[in-house]
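Notes for the one structure printed next.
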Amino acid sequence: MPEEKTGTAADPFEAFRKLRDSYLEGMSKVMIETVNTEEYAQATGALLNNYVTVLAPFREAMDKAMAMTLEQFSLPSRQQVMSLAERFTNLEIRLDDMDAKLDHLVELLSAGTPISNSPENGKRAREATPMRHTTGKRQ
Amino acid sequence: MAEAVSLSNDWTVLNEKLVTLNRLMTTKAAIGQTPKELIWTLNKAKLYRYVPVLPAQERFPIPIILIFALMNRPTIMDLRPGHSFVEHMVGKGYDVYLLDWGVPGPEDSKLKFENYTLDYIPRAIRKMKAVSGAKEFSMLGWCIGAILTTIYAALRPDDGLRNLVLLTAPLDFSNREGLTFARWTDEKYFDIDSVLAAFGNMPGEMIDFGAKALKPVENYITNYCKLWDSLDDPRVVEAWHSMNTWVTDIFPMAGGAYRQLIVDFYRNNRLIKGELKIRGQVVDLKRLRANVLNVIAEGDHITPPCQSEAILPKIGSTDTEIYRVPGGHIGIMAGSAAHKRTWPHIDSWLAARSR
């Protein structure tokens, strides 16, 4: 095997690496073309839909059983906890808006500007988008 | 004897490689290390302000807020010390803020783009303006963050947005033949309602698989072969480790927002067509008047360049620029050449517009 002038041995795996890289490059092109076909999209879609369909009855049974168990133990259901979390978020939004209004009032007081006549006051009140209760309806 | 020594050396090298590989696969790199302080929260969202390193008189008066996608951590913008976009910008004198969307829970499955663009972003910006004392600001949106920032900029053009930087923005979905995701999520094949009914939020593992399946050999095989070849190079190893830590930190996307992404964007291209309604209001791109830098990754297979090219003629801005960079969706900002190309360009463009 040829050796470089520095005395370092040539890498015996270099040829293998080149072969490996060429093979992977070729495979990559083939796979990219494959995943871009309608057939692949159809196959993965069918796989996912089948998985979800097969899962559905088990999920429903599990949800019902869990709801009954939680009710028996007087514990809140998942839906109730989620609803509570949504309400917390809405409260948080209100608090954030109040915090911003307070900051603005403090700013106006510091500047000695009369609060009722401040044009900024109306603008700030309009700045925060009204809180919306999500209904889950699709657009 | 010489052969025995050589064999012993080979085993030592192999052993070291295996130890390094084990460390990479079983530990997480320290990412997102640039010092910051939490200044605002709402639900799971957090707004951070990065600690300035320059005195106030040397800093740009216009702060910048960074907004990333909804299904990955924004720590990609602050990957590791010495190779961090955030660190770079803070060092250049920008007052940098980062909006971290957090991880949605089951209770967030109804969150839609309207919530992010009209509830979260305006309040985060309000806080940023209060803390910075600035009336105007810059915004950088990357990937789905670019969709959110574009919608926000068009719906609320009077909030003080001066400069908008869009990175690999998936805004135009008209070229359906060139968009693999559009093919996979076509209504003929992908029943989004049954998937979201089953899971609530879109599972992160599915989104991650989808992104990797665009180039399956690269992502599942070549990536690891290249790592094996470079295990004795500490720079490559640490870069790989930090990127892999970020890539594997996956979490779900809010179901409502995911459904909107597929139906309103991928299937119906409503934003570019001027048909997108957010909370009853049509998103009129002509109302977007901020200065815009549109950064396009020429090698992007997740958001091909065609998805970002159509936006500039649609908006009302007069100061616009397209900047094309060699590289991929993430690579243009987090890759080895980002500090030589993308970051300096964003910096120079913003610097001219942040006084």
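The values are calculated or read from the model by the stated rules, or taken from the named source; none is laboratory data. Since the model is a prediction, treat every value here as computed from it, not as a measurement. Cβ atoms come from the backbone with ideal geometry, glycine included; neighbour counts cover every protein chain shown.
Quick look at the values:
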| item | result |
| --- | --- |
| Pairs where the first residue, in the stretch A:87-102, is more than 14 Å from B:Ala124 (Cα to Cα) and the second is assigned to a helix (DSSP H, G or I), C-beta under 7 Å, 6+ apart | A:Lys101/A:Arg124 |
| Condition check for B:Lys28: of a type outside the set (Gly, Ala, Ser), in a loop (DSSP other than H, G, I, E, B) and touching a residue at least 24 places away in the same chain (Cβ under 8 Å) | yes |
| Residues (out of contact with any Phe, Trp or Tyr (no Cβ under 8 Å at 6 or more places or on another chain), crowded, with 17+ Cβ neighbours inside 10 Å and under 14 Å from B:Ala69 (Cβ atoms)) located in the stretch B:249-260 | B:Ile250, B:Phe251, B:Met253, B:Ala254, B:Tyr258 |
| Of residues in the stretch B:94-129 being more than 12 Å from chain A (Cβ to nearest Cβ) and β-branched (Val, Ile, Thr), the one nearest to B:Leu350 (Cα to Cα) | B:Val96 |
| In the stretch A:114-139, the residues that are in a helix (DSSP H, G or I) and either within 25 Å of B:Tyr116 (Cβ to Cβ) or at pLDDT 70 or above (or both) | A:Lys123, A:Arg124, A:Ala125, A:Arg126, A:Glu127 |
| Hits in the stretch B:318-342 - residues which are touching a residue at least 40 places away in the same chain (Cβ under 8 Å) and either of a type in the set (Val, Ile, Thr) or surrounded by fewer than 19 Cβ atoms within 10 Å (Cβ to Cβ) (or both) | B:Ile330, B:Ile332, B:Ser336, B:His339, B:Thr342 |
| Of all residues in the stretch B:181-214 being in contact with a strand residue (DSSP E or B) (Cβ under 9 Å, 6 or more places away or on another chain) and free of Cβ contacts under 8 Å to residues at least 60 places away in the same chain, the one that is farthest from the other protein chains (Cβ to nearest Cβ) | B:Asp208 |
| Any chance B:Glu16 is over 19 Å from the mean Cα position of the chain (by Cα), among the acidic types (Asp, Glu) and not in a strand (DSSP E or B) | yes |
| Any chance B:Asp347 is under 19 Å from B:Glu114 (Cα atoms), modelled with pLDDT of 95 or more and not β-branched (Val, Ile, Thr) | no |
| Test for B:Tyr266: is it in contact with a strand residue (DSSP E or B) (Cβ under 7 Å, 6 or more places away or on another chain), surrounded by 15 or more Cβ atoms within 10 Å (Cβ to Cβ), modelled with pLDDT of 95 or more and within 13 Å of chain A (Cβ to nearest Cβ) | no |
| Some residue of the stretch B:67-82 being under 21 Å from B:Val165 (Cα atoms), out of contact with any helix residue (DSSP H, G or I) (no Cβ under 8 Å at 6 or more places or on another chain), at pLDDT 95 or above and in a strand (DSSP E or B) | no |
| In the stretch B:269-278, residue nearest to the chain's Cα centre (by Cα) [restricted to those that are surrounded by fewer than 21 Cβ atoms within 10 Å (Cβ to Cβ) and more than 21 Å from B:Asp191 (Cα to Cα)] | B:Ile272 |
| Residue identified as touching a residue at least 60 places away in the same chain (Cβ under 8 Å), touching a Cys at 6+ places or on another chain (Cβ under 8 Å) and within 12 Å of chain A (Cβ to nearest Cβ) among B:Gly256, B:Gly178 | B:Gly178 |
| Some residue of the stretch B:279-287 being touching a strand residue (DSSP E or B) at 6+ places or on another chain (Cβ under 6 Å) and either more than 26 Å from A:Asn36 (Cα to Cα) or buried (at least 22 other Cβ atoms within 10 Å of the Cβ) (or both) | no |
| The stretch B:93-121 residues that are free of Cβ contacts under 8 Å to residues at least 12 places away in the same chain, paired with ones that are not in a loop (DSSP other than H, G, I, E, B) (beta carbon under 7 Å, 6 or more apart) | B:Glu107/A:Met82; B:Glu107/A:Ala85; B:Glu107/A:Glu86 |
| When residues of the stretch B:111-157 are limited to those that are over 23 Å from A:Glu92 (Cα atoms) and of a type in the set (D, E, K, R), the one farthest from the chain's Cα centre (by Cα) | B:Lys135 |
| Tally of residues being in contact (Cβ under 8 Å) with a residue 60 or more places away in the chain and in a loop (DSSP other than H, G, I, E, B) across the stretch B:31-66 | 7 |
| Residue that is farthest from A:Val30 (Cα to Cα), among those in the stretch B:215-248 that are free of Cβ contacts under 8 Å to residues at least 24 places away in the same chain and not in a helix (DSSP H, G or I) | B:Asp233 |
